[in-house]
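A.B. asks: To start, I am sharing the structure in question, which I have written as structure tokens.
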């Protein structure tokens, strides 16, 4: 089946992109702050109650996310949260602290226990709308971006997101720069998220150590910073509080950010800021 959502565009043939103040790399940090329904399990397919997995993830909300906030505060970095809307109801303390820090928010379904997979179009539209409205009510602002739970979409998802007035989606990890997607109505842009610089696959799938994850972040940054001299790049750092927020791992996030901070031409931005700049300046 042909992918009809965007055209093939080799980066070597593109007009040079630039970021504010000559930055080579736009770095955005994305904590996935999620809520799991103990009655549904993880994705609805595990033993219920799956106490071991549920409790591990609940640690992220009770302890891990506060460590991430402390590290990002130290480095004066505003995060872009991929937010399950149910967090607004179940853990409002997290929302209050994120809003206080002027963090940005992306819709991330209602709960990670119920991704968008196989939903009829009308039901998917309700889930997306409810997610955005709940987050808007809790934070004072409707999200302008979206990351599907598990990066899962249906064939209708981009069209529904554009209908809702969202500017960007982070599910399509196929580039190091933003690009415009094809939707039936309105406009929608892809932003570079990462399944590589992401603590979940790094720790859970590939069994990396925390020092190895730190090294991955630094190596990724080094290449993008070098290439960014002529073609500005985006680097996403995807985090999950129940993973990077563990005591023996959190210092390695601090070390990685220390390394990035030792370079001058870096723009620490939110997802919305990156897309707004891209839309306004991509053809200049």
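A.B. asks: Quickly run through the stretch 245-272 and pick out the residues that are in contact with a helix residue (DSSP H, G or I) (Cβ under 9 Å, 6 or more places away or on another chain) and closer than 18 Å to residue 170 by Cβ.
C.D. replies: 267, 268, 269
A.B. asks: Across the stretch 211-225, what is the total count of residues that are touching a residue at least 40 places away in the same chain (Cβ under 8 Å) and surrounded by fewer than 21 Cβ atoms within 10 Å (Cβ to Cβ)?
C.D. replies: Residues flagged as touching a residue at least 40 places away in the same chain (Cβ under 8 Å) and surrounded by fewer than 21 Cβ atoms within 10 Å (Cβ to Cβ) within the stretch 211-225 amount to 3.
A.B. asks: Follow-up question, since we're still on this one. Would you please name the residue that is surrounded by the most Cβ atoms within 10 Å (Cβ to Cβ), looking only at residues in the stretch 15-42 that are under 19 Å from the mean Cα position of the chain (by Cα) and assigned to a loop (DSSP other than H, G, I, E, B)?
C.D. replies: Here the residue is 36.
A.B. asks: Kindly indicate the residue of the stretch 196-213 that is part of a loop (DSSP other than H, G, I, E, B) and touching a helix residue (DSSP H, G or I) at 6+ places or on another chain (Cβ under 6 Å) and also nearest to residue 248 (Cα to Cα) among those meeting that condition.
C.D. replies: Only one residue tops the list, namely 208.
A.B. asks: Let me ask you something else. Of the residues that make up the stretch 11-28, is at least one farther than 17 Å from residue 227 by Cα, at pLDDT 95 or above and out of contact with any strand residue (DSSP E or B) (no Cβ under 6 Å at 6 or more places or on another chain)?
C.D. replies: no
A.B. asks: Please tell me if residue 136 is at pLDDT below 95 and surrounded by fewer than 17 Cβ atoms within 10 Å (Cβ to Cβ).
C.D. replies: In short, no.
A.B. asks: Any idea which of 187, 125 is at pLDDT 95 or above, assigned to a helix (DSSP H, G or I) and over 25 Å from residue 99 (Cα atoms)?
C.D. replies: Among 187, 125, only 125 is at pLDDT 95 or above, assigned to a helix (DSSP H, G or I) and over 25 Å from residue 99 (Cα atoms).
A.B. asks: So, one more: Among the numbered criteria (1) closer than 26 Å to residue 191 by Cβ; (2) free of Cβ contacts under 8 Å to residues at least 40 places away in the same chain, which single criterion is violated by residue 55?
C.D. replies: (1)
A.B. asks: Any chance you could count how many residues in the stretch 53-110 are over 27 Å from residue 26 (Cα atoms) and in a helix (DSSP H, G or I)?
C.D. replies: 17
A.B. asks: Shifting gears a bit: Answer yes or no: is there a residue in the stretch 230-239 that is part of a helix (DSSP H, G or I) and buried (at least 16 other Cβ atoms within 10 Å of the Cβ).
C.D. replies: There is no residue in the stretch 230-239 that is part of a helix (DSSP H, G or I) and buried (at least 16 other Cβ atoms within 10 Å of the Cβ).
A.B. asks: For the stretch 214-230, what are the residues that are touching a helix residue (DSSP H, G or I) at 6+ places or on another chain (Cβ under 7 Å) and within 18 Å of residue 267 (Cα to Cα)?
C.D. replies: Across the stretch 214-230, the qualifying residues are 217, 218, 221.
A.B. asks: Within the stretch 204-238, which residues are within 17 Å of residue 151 (Cβ to Cβ) and within 17 Å of the chain's Cα centre (by Cα)?
C.D. replies: Answer for the stretch 204-238, where residues must be within 17 Å of residue 151 (Cβ to Cβ) and within 17 Å of the chain's Cα centre (by Cα): 234, 236, 237, 238.
A.B. asks: For the stretch 90-110, indicate whether the set of residues that are surrounded by 16 or more Cβ atoms within 10 Å (Cβ to Cβ), at positive phi and modelled with pLDDT under 95 is non-empty.
C.D. replies: No: the stretch 90-110 contains no residue that is surrounded by 16 or more Cβ atoms within 10 Å (Cβ to Cβ), at positive phi and modelled with pLDDT under 95.
A.B. asks: If you scan the stretch 264-278, which residues turn out to be crowded, with 22+ Cβ neighbours inside 10 Å and in a loop (DSSP other than H, G, I, E, B)?
C.D. replies: Those that are crowded, with 22+ Cβ neighbours inside 10 Å and in a loop (DSSP other than H, G, I, E, B): 269, 270.
A.B. asks: Could you pull out the residue among 148, 186, 165 that is more than 18 Å from residue 19 (Cβ to Cβ) and free of Cβ contacts under 8 Å to residues at least 24 places away in the same chain?
C.D. replies: 165
The values are calculated or read from the model by the stated rules, or taken from the named source; none is laboratory data. Everything quoted here is computed from the prediction, not taken from an experiment. Backbone-built Cβ (ideal geometry, glycine too); neighbour counts: all protein chains shown.
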